[in-house]
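Take a look at the structure set out below.
The values are calculated or read from the model by the stated rules, or taken from the named source; none is laboratory data. Since this is a predicted model, take the numbers as computed values, not measurements. Cβ atoms come from the backbone with ideal geometry, glycine included; neighbour counts cover every protein chain shown. For the accessible areas, the whole protein counts, side chains as well, though only heavy atoms, and no ligand, DNA or RNA atoms are used. Shrake-Rupley method; radii C 1.70, N 1.55, O 1.52, S 1.80 Å.
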Amino acid sequence: MRSAAAGSTRTPVRNVPQGVAVLGLGASGDAAARLALEKYGSVYVSDHSDDGGTRRRARALEALGADVHLGGHDLGRIAGAGVVVTSPGIPGNAPVLRRLRARGVRWISEPEFAARFRTGALIGVTGTNGKTTTSVLIGHLLVAAGIDAAVGGNVGGGIAPPASALALRSPRAEWWVLELSSFQLAGIERFSPEIGVLTNLSEDHLDRYGEVARYFADKKRLFRNATAASRWVVNGEDAEALALAGDAVGELHLFAGKPRDAEPLPARARLSAFVRDGVLTLRTGAARGPDASDEPLVPREKLRLLGRHNVMNALAAALAARLAGAAPASLRRGLASFAPLPHRLEPVTERSGVLWVNDSKATNVTATLSALASIARPVVLILGGKDKGEDPLPLVPALGSAAARAVVLYGETAGRWARELSGPLSEGAGSGGDRIPVVVAAGLDDAVAVARRHALPGDALLLSPACPSFDLFRSYEERGARFAGLARERAR
């Protein structure tokens with residue numbers, strides 16, 4: 001075991017029998033390993049990969065005193081550890097986890113490990129779509145209110161660090177805002193946020209879960225350790241989200257697109273954020289109903305975010321920040337100053353009357369439906385990527401409503417989706433009953449070239465793939481950056 005002084009001026013807080021093992025050496029695994037080194041003085045890290053990036057991280061950790069094993073996992077070392085931390089990229093049915101499960105070995109996720117060292121309060125954000133925008137906006141609103149806050153977790157893309165990186169900061173922030181994927185929630189034990197946010201729920205990750213019920217079950221673990229002091233911010237328009245949160249103890253605050261003063265609410269719930277007469281509004285006091293005191297924030301048009309779904313994200317974020325102590329005046333300033341995040345309905349450029357929009361983060365059909373509903377122009381839509389088994393047919397009526405000019409498909413899903421979409425879209429789904437052509441392209445570059453030929457002045461050329469990027473790109477960020485570069489180059 002290395003000494004505490006070898007790379008850190010802090011003393012390990014306590015010993016862990018048999019030490020800590022970290023599985024996976026991506027960003028979250030690297031951060032968890034560094035946290036284990038600081039707190040306990042030693043760590044064993046393993047990853048089945050042995051590529052250049054993994055080797056560079058391994059060398060850096062070894063220089064700090066870590067024991068790193070690449071190209072496989074030493075099952076005996078892992079099983080003998082007192083704490084086993086898994087990275088979200090390792091599926092629950094991975095061979096190493098199956099073998100550990102057979103030995104009765106338990107493991108926790110990286111945010112669970114990190115949260116064991118927090119000294120302040122925590123806001124946990126999950127859902128199928130909108131997690132990152134909501135998480136980053138909450139952090140922005142808290143900082144605008146003069147509250148010491150830091151954002152981390154599943155955010156990625158260089159926007160915010162893993163949770164363990166927040167635990168390594170000194171001094172630690174008074175509030176953590178953590179975005180949480182279902183994969184991370186699957187590995188929690190004691191994790192208990194003071195405020196939990198559920199943005200929405202829809203079918204996703206069927207390639208990993210097989211059935212939506214298992215995916216929802218992992219999301220429900222956000223509420224696992226609820227107490228009477230817990231406060232929950234939940235989408236009041238989403239029946240699945242309401243059902244998931246329905247039996248959790250604590251305060252249940254809903255957000256919705258309209259006041260709903262005359263409509264019944266679920267037991268224990270209060271409608272605390274909504275849009276009234278075009279103005280985002282909060283109602284967080286004890287009073288309920290039409291006689292409650294409202295706190296108007298900003299008109300919808302002052303938000304710089306596209307789409308109704310981003311109005312819902314803004315309501316959720318403002319409500320969570322208000323519950324954390326932000327004053328209405330600071331919320332108004334923060335909402336008006338928040339800029340769109342990269343790859344999330346991001347306007348890239350507008351040339352010759354065509355608006356190019358990068359929505360590469362749309363990795364499921366529901367996200368693309370939100371994108372189509374957000375753009376008030378005829379759309380040329382680029383779809384495609386890794387096939388995770390989703391049904392594309394819900395896109396058909398939305399493409400008609402969006403007056404789609406054409407659909408361009410590329411990647412692993414292109415063949416299947418072309419077969420499933422071509423028939424319905426050739427039967428007059430477009431504006432005025434027009435046929436919407438479906439074109440299969442050779443790759444993203446070709447898809448952009450094809451889409452550009454179909455786009456007319458006044459249109460939006462939209463990359464909203466409805467699929468993960470991993471067939472052709474390492475990440476949705478890389479895919480979005482490629483699209484943005486092509487947009488700037490070819491829009492001239």
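Helix-only mean residue ellipticity at 222 nm, the chain, DSSP H runs n ≥ 4 weighted -39,500 (n - 2.57), per residue, nearest 500. What is it?
Values: 18 runs with 171 residues, N = 492.
So the calculated ellipticity at 222 nm is -10000 deg cm²/dmol.
How would the stretch 203-280 be classified by its alpha-carbon gyration tensor: rounded, prolate or oblate, with rounded meaning a/c under 1.5 and the a/b versus b/c comparison settling the rest? Intermediate values should be presented prior to the final figure.
Numbers: a/c = 2.59, a/b = 1.50, b/c = 1.72.
Oblate shape, in that a/c is at least 1.5 and b/c is the bigger or equal ratio.
Beta-bridge orientation, the chain: approximately 20 percent antiparallel, per DSSP, counting only bridges with both partners inside. Rounded to the nearest 10 degrees, the inclination of helix 131-144 to the longest alpha-carbon principal axis of the chain is 80 degrees.
Please go through the residue pairs Lys131/Lys302; Lys219/Lys388; Lys39/Lys388; Lys258/Lys388 and name each one whose alpha carbons sit more than 29 Å apart in this structure.
On the way: Lys131/Lys302 21 Å; Lys219/Lys388 19 Å; Lys39/Lys388 39 Å; Lys258/Lys388 34 Å.
Check vs 29 Å cut-off fails for Lys39/Lys388; Lys258/Lys388.
For the stretch 376-492, the Cα-based Rg and Dmax, in that order, read 13.4, 40 Å.
Which of the peptides 452-458, 72-78 is most tightly packed, and how do the rest follow, judged by the mean count of other Cβ atoms within 10 Å per residue?
Numbers: 452-458: 14.1, 72-78: 15.7.
Answer by packing, highest mean first, reads 72-78, 452-458.
Each Cα pair under 8 Å and six or more residues apart adds its sequence gap; the mean of these over the residue count of the stretch 141-203 is a relative contact order of 29 percent.
When the Cα positions of Val438, Ser475, Gly423 are compared along the charge dipole of the stretch 420-492, Ser475 comes out farthest toward the positive end, with charges on each C-beta of Lys, Arg, Asp and Glu.
Please give the net charge around Leu166, taking every other residue with its beta carbon less than 10 angstrom from that of Leu166, where Lys and Arg add +1 and Asp and Glu add -1. Taking every Cβ under 10 Å from that of Leu166, the sum is +3.
Give me the percent of the accessible area of the chain that comes from carbon and sulfur atoms, probe 1.4 Å, all protein chains in place. Intermediate results must be reported in sequence, preceding the final value.
Numbers: 9700 of 19220 Å².
Accessible surface attributable to carbon and sulfur in the chain totals 50 percent.
Roughly how many whole Å is it from the C-alpha centroid of the stretch 100-164 to that of the stretch 369-441? Cα centres, the stretch 100-164 to the stretch 369-441: 34 Å. The share of C-alpha pairs in the stretch 335-377 whose separation exceeds 15 Å stands at 49 percent.
Since only Leu271, Ala484, Ile108 are under comparison, the one whose Cα sits farthest along the positive direction of the charge dipole of the chain, derived from C-beta charges on Lys, Arg, Asp and Glu, is Ile108.
Taking a spot 7 Å from the Cα of Val249 along the direction of its beta carbon, which residues of the stretch 196-237 have an amide N less than 12 Å from it? Within reach of a label on Val249: 225-230. Its relative contact order, with pairs defined as Cα atoms under 8 Å and 6+ residues apart, puts the stretch 149-243 at 27 percent.
Using mean Cβ contacts within 10 Å as the protection proxy, how do 200-208, 27-35 order, highest first?
Numbers: 200-208: 19.9, 27-35: 26.3.
The peptides rank, most packed first, as 27-35, 200-208.
Is the C-alpha gyration tensor of the stretch 66-149 telling us rounded, prolate or oblate? Criteria: a/c under 1.5 is rounded; beyond that, a/b larger than b/c is prolate, otherwise oblate.
prolate
Mark the label point 7 Å from the Cα of Ala60 along Cα→Cβ and return the residues of the stretch 90-125 whose backbone N is within less than 17 Å of it. Label zone hits: none.
Distances between every pair of Cα atoms in the chain, grouped in 10 Å steps from 0 to the bin holding the largest one, split as 4, 19, 27, 26, 18, 6, 1, 0 percent. With all protein chains kept in place, the per residue accessible area of the stretch 367-490 amounts to 38 square angstrom at a probe of 1.4 angstrom.
Suppose all protein chains stay in the model; what accessible area per residue would a 1.4 Å probe give for the stretch 63-146, in Å²? Display every interim value, and only then the final one.
On the way: 3000 Å² over 84 residues.
On a per-residue basis, the stretch 63-146 sits at 36 Å².
Its Cα centre serving as origin, the stretch 286-361 has a Cβ charge dipole (Lys and Arg +1, Asp and Glu -1) of approximately 120 debye. Take every pair of alpha-carbon atoms less than 8 Å apart whose residues are at least six positions apart; their mean separation over the length of the chain yields a relative contact order of 10 percent. Hey, with R₀ at 30 Å, roughly what FRET efficiency would Ser401 and Arg333 work out to, going by the Cβ-Cβ distance, to 0.05? Step by step, r from the Cβ atoms, then E = 0.30. Simple rule: put +1 on each Lys or Arg Cβ and -1 on each Asp or Glu Cβ in the stretch 37-158, find the dipole, and look at Val96, Ala63, Asn129; the Cα lying farthest toward the positive end is Val96.
Using a Förster distance of 45 angstrom, determine the FRET efficiency expected from the C-beta separation of Asn225 and Glu489, and round it to 0.05. Once the sixth-power term is evaluated, E becomes 0.35.
Can you tell me the FRET efficiency between Ala449 and Ser475 if r is taken as the Cβ-Cβ distance and R0 is 25 Å, rounded to the nearest 0.05?
0.65
The charge dipole of the stretch 87-240, taken about its Cα centre with unit charges on the Cβ of Lys, Arg, Asp and Glu (plus for the first two, minus for the last two), comes to roughly 800 debye.
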